[in-house]
Each structure stands twice: as structure tokens, then as C-alpha cells.
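The values are calculated or read from the model by the stated rules, or taken from the named source; none is laboratory data. Since we're looking at a predicted model, the values are computed, not measured. Positions of Cβ are backbone-derived with ideal geometry, glycine not excepted, and every protein chain shown enters the neighbour counts.
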Amino acid sequence: MPRKVCVIGAGMTLFRRRMLETPKELAFEATRMALESAGIERKEVDTVVAGSAPDAFDGVHMKGEYLLDGSGGYARPYSRVFVGGATGVYTPIAAWWHVASGLSDVCLAVAEEKMSPLQPHPQYAFWSIFDHTIERPLGVTLLWIFALEMRRYMHAYNIKEEEIALVSVKNKANALDHPCAQLGAKITVEDVMKSEKMVWPVKRLDVSPTSDGAAAVVLASEEFAKRLTKDPVYVAGCGWNIDSTYWTNRDLSYPQYLENAARMAYKQAGIKNPRKEIDFAEVYDPFDYKELHHMEGLQFAKKGEAPKMTASGMTQRNGEFPINPSGGLLGVGNPIAAAGMMKVCEVYFQLTNQAGKRQVKKEVHTGLAQAWGDLMQYSSVLILRRN
Amino acid sequence: MSERVKFFPGREVSAEAFQSGSVLLTEYSTDLKYSWASGVAISKFLNELKNGKIVGRKCNRCDRILVPPRMFCEECFRLTDSWIYTKDTGTVNTYSIAYVGTDASRLKEPLYIAVINIDGASPGMGFLHLLNEIKSEKEIKVGMKVRAVWKEQSERTGSILDIKYFKPL
């Protein structure tokens, strides 16, 4: 049986298009804040896991090594994990193994991304995720696969662009209350519809920005956590799963790999009815349609019905089932690995009543964070619970 | 906020400061060159494109005809068994209209892109390609039947671009 594991602290930097800090300085700031929030020092940390996405943004190879000193990993068992966009939620899952296995009492999970160095635009680095022989010669951009997936999702369930745009409107408005947010805004469905066409059906306001930032959490054994608080936040379950890399052979209308990851986490957490037993969720939303897609994969809504749930207002911060009360990637920003970790931080802040203006109205005990990545095929799911 | 969470660290650099150079920057560019071997399955696929044919690979255990072809079946995790020629027609599984290029610059003319399920392969098996000879954007539909438009034989090089694009049937 794995040991019970708790989250004892969380920290993050501002998310912005360009930051002055180097990646290790960003990692240091988020890590220091997480340790201070836990009320412990680095000397009490046994192991460290860092997460960061493709090296090409920074132009620095071996980013694990590069981030080491800023992540508190010096002279410790330290490693870097990388599963594309899903890294931010996978990093604390890897930290969970370290503590659940009994290997360490305290493990730091740190995620950092600095996308701004790459010129003329970070978008360019994504070119190299495609197959070099049969896809790159066609002139691919990252946006293609999302636009193709969004179109297939719309087709499968007869969903309109306007219904999808509601997600962007909600998340950007939620982000107005996040002190770290890059793109909090009051916008309308019409604004989204009229925004520049990038790769139709994806328009500018359907997409999250490119960002710099870092975020971190501290995980500890139950015994250690109980020395700090009577009422700790527990890791109730985690799951991860990946689909085939032959993405043009997949059913793009439904993320089966996410359902697999979610069922793995629900089994561990003893959750039978996720919609009833989970109070709120931070669902990965690099594009507005992805929030809907992921709500279905997570079994919060039936296939094709997440847009109705959104239109009903249920997923608003003060609704019956808040989704992305932080403001999500669409509003807070998308420094890839750090964006997933921001979601884990938000679940922790909400469960410990530290979310300030973003605190959801209803009492919350169980929250879920999810991220998604690689060639739109990987999902990581983490469930936190406070009694 | 809370007792312990009061302040979020970080210093933003504005676009103006970045572009005017008032923030210290070090610049570097690199030109990495690669030569990728096409592999066992895709070499055959490309050689057959040169002949004006699309070829898939069959797995006798799950009975699937796989396009793009691979020497192993990821489902059964065994070597695949034989080459199967498909048709050069197919169905649009999904499509998009690209207005931005690889480096996020704006294209002069939009590109029509699609995942095309290939006739003669197993359901849902297809690859990414371009669409053209489209009269109006409204003409493009999921489920639309399309046919490959090939380069002249003398111009083919054994590349995915030996198919110029797919056009409506």
C-alpha cells in the first residue's frame, strides 16, 4: 500500500509574455514561495522533481540540469520529467511516487517555462513536434492539430463556435481576480467571434497566450504534514495515460486517453460519481474547446454535452460545479509546464481558503487538476482532498 | 489572500523595453542541419508515392490495414504481415483553414488542410494533407470525398509532396 501523501505548500510567480528573470531565477522564486507557504526550509526537503517542456524555447539543452539550483535540487536525488503540456500535473505525480513509496518524507515539485527567448515567436519551436518525413514538408504549425481536433469535435456533436467561445469569456473574466494573470479581461462571445482567424475554427481569443513563469508545490508524508497542520490537504488520487502517436488514425472527437487517466485517479480516490464527488476542477484549457473536451473525458459531462453545462452557468466560479476558477490558461497564461502546476496550486489554494477573491462560494473538499500534452495525446490527473 | 500568501514574485519586461534594447539581451541564432533516414515502412510508402500509389500495411491479427504504414502493429505489438495498395481517394475526416505560417507570420493566401481517411484502408486510417481546387470555403465539409492530385511522374522525388494536394471528387 502506498503511504498517504499531502500537499503542504504552493507558490508561483507572475505569468507574463516576457519576464526579466532567467528560468532558474523564476524557478527559485516559485520554489521559495512554496517553501515559505509550507513554513519549512530546503534542509527539510529530501528529493526534488522538476518539470519543463521543450528545450527549444529557452535554447538551453538539458533544462533539468539548468533549472537545478533554482529548484532546490542541489545535492539531492533530483530529476526532470517531461510529458509535453501534461508536464505540469505530471511533475507532482512523480513527486507523489517519491513520498508514497517511502523514499522521502518531503519532495518538492517545481515547474518552469520561459517561452519568450525564441524569436520571432515561440510558436516556431512547435514545428519540430511533427513527423519529419510525412508532416513537416506540408508547412505545419502547432495550431493545425488543434484546429483539426476542434473542427472534428464540433462536427461530431454539432457544436457551434459561439458555444465554445463562452469558455474563453468565463475564464478570462475569472482571471481578473488572479494576481498573477497575464490576460484577465471582460470580453463577449462577439469579441471572440470577431477576433483574428488564426487556423479556423481557431481564432485569436480561442487561444491561450505564450508566457514566462514558474510554479511549485511541496509534497510530504502524512506524518510530516500533521506536524504542520491538523487538517492537511491529501493527494487522493492520480492517473496518467497516453494515446498513439499516429494521431491521424485517432478518434479526434473524444479524448479516450483522458478517460483512462481519470478512471485510474478515480479508482485510487474511491470516486464513483465524479460530477457529484468532486467539488470543482482546474481543467486544462490552452484552447477554449479543450475545456469542454476535457470535461467530457473526465466524465463531468456526457459526450457532446459540456457546452450545455457551460451555457447553463453551472461551471462559473459561483456555479454549482466551478471549472477553472483560477482563470485557466486562457486568462492566467500558458507557460507550459508552469501552467499545469498553476492548476495544482489553485486547487491547493481553494481547499485551504487561500484563493482570495477567487475563492469559490460553496464549501469545497475535493478538487481536481488536469493537464494535457505531447502530440495532443497525453493526460495527467491529480485529485486533492481536505476533510 | 492569506497569512502566508501575500505577494507573488516576478518582474515583467515590456514589449517596448524588449524591442528598444533598454533591457540587456544576448542574441544568438543557430542553423542545425539534419538528414533523417525515412525508416523501413515510410521508405516503401514514399517509393510507392513516386509510382503514384498509396500503400498501407496489414496486421493479420487485428485485420487492420494501417495508413501511414508501419512495420509493427502498436495494438497487437507484433510485426505486421503484408503491403496492401489502397485507392488514392478518401474522405475528409476533419479540416481547417490556416491563415498563419510556421513561425506565426500571416499567410498571403490561406491553406486548406485536412486529415483524409484513405479508401481501402481500415476505417479511421488516414494522413494529413492539403486540399485545393476549392471553389469556396463553404464547399469543404467533413465527409467530403476527395482524390489525390499527383505531380507529373518526372517531378516526383519520393516525398509526401508527390501528392500535390487532394481535390473534391
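Laid out as a table, the results:
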quantity	calculated
Filter pass, residue B:79 being in contact with a strand residue (DSSP E or B) (Cβ under 8 Å, 6 or more places away or on another chain), over 30 Å from residue B:164 (Cα atoms), loosely packed, with under 13 Cβ neighbours inside 10 Å and aliphatic (A, V, I, L, M)	yes
Number of positions in the stretch B:90-124 that are more than 7 Å from chain A (Cβ to nearest Cβ), within 14 Å of the chain's Cα centre (by Cα) and of a type in the set (Gly, Ala, Ser)	1
Test result for residue A:125, small (Gly, Ala, Ser) and away from chain B (no Cβ under 12 Å)	no
Single condition residue A:93 does not satisfy, out of (1) more than 14 Å from chain B (Cβ to nearest Cβ); (2) farther than 30 Å from residue A:223 by Cα; (3) touching a residue at least 24 places away in the same chain (Cβ under 8 Å); (4) not in a loop (DSSP other than H, G, I, E, B)	(2)
Whichever residue in the stretch A:178-199 is hydrophobic (A, V, I, L, M, F, W, C) and touching a residue at least 40 places away in the same chain (Cβ under 8 Å) and, among such residues, is surrounded by the most Cβ atoms within 10 Å (Cβ to Cβ)	A:199
Residue list for the stretch A:329-352, filter: outside any helix (DSSP H, G or I) and of a type outside the set (Gly, Ala, Ser)	A:332, A:334, A:335, A:352
Matching entry among A:117, A:92 (being under 26 Å from residue A:69 (Cβ atoms), buried (at least 19 other Cβ atoms within 10 Å of the Cβ) and modelled with pLDDT under 95)	A:117
Tally of residues being part of a helix (DSSP H, G or I) and more than 8 Å from chain B (Cβ to nearest Cβ) across the stretch A:10-31	6
Wholly within the stretch A:188-254, strands (runs of 3 or more DSSP E) carrying at least 3 residues that are more than 10 Å from chain B (Cβ to nearest Cβ)	A:212-221, A:233-242
Residue satisfying all of: in the stretch A:337-385; hydroxyl-bearing (Ser, Thr, Tyr) and within 14 Å of another protein chain (Cβ to nearest Cβ); nearest to residue A:14 (Cα to Cα) among these	A:348
Answer residue from the stretch B:28-63, given it is part of a strand (DSSP E or B) and under 18 Å from residue B:148 (Cα atoms) and is farthest from the other protein chains (Cβ to nearest Cβ) among those	B:55
Looking only at the stretch A:353-387, and only at residues there that are in a loop (DSSP other than H, G, I, E, B) and on the phi > 0 side of the Ramachandran plot, the one that is surrounded by the most Cβ atoms within 10 Å (Cβ to Cβ)	A:376
Qualifying residue in the stretch A:101-124 (condition: among the aromatic types (Phe, Trp, Tyr) and under 24 Å from residue B:105 (Cβ atoms))	yes
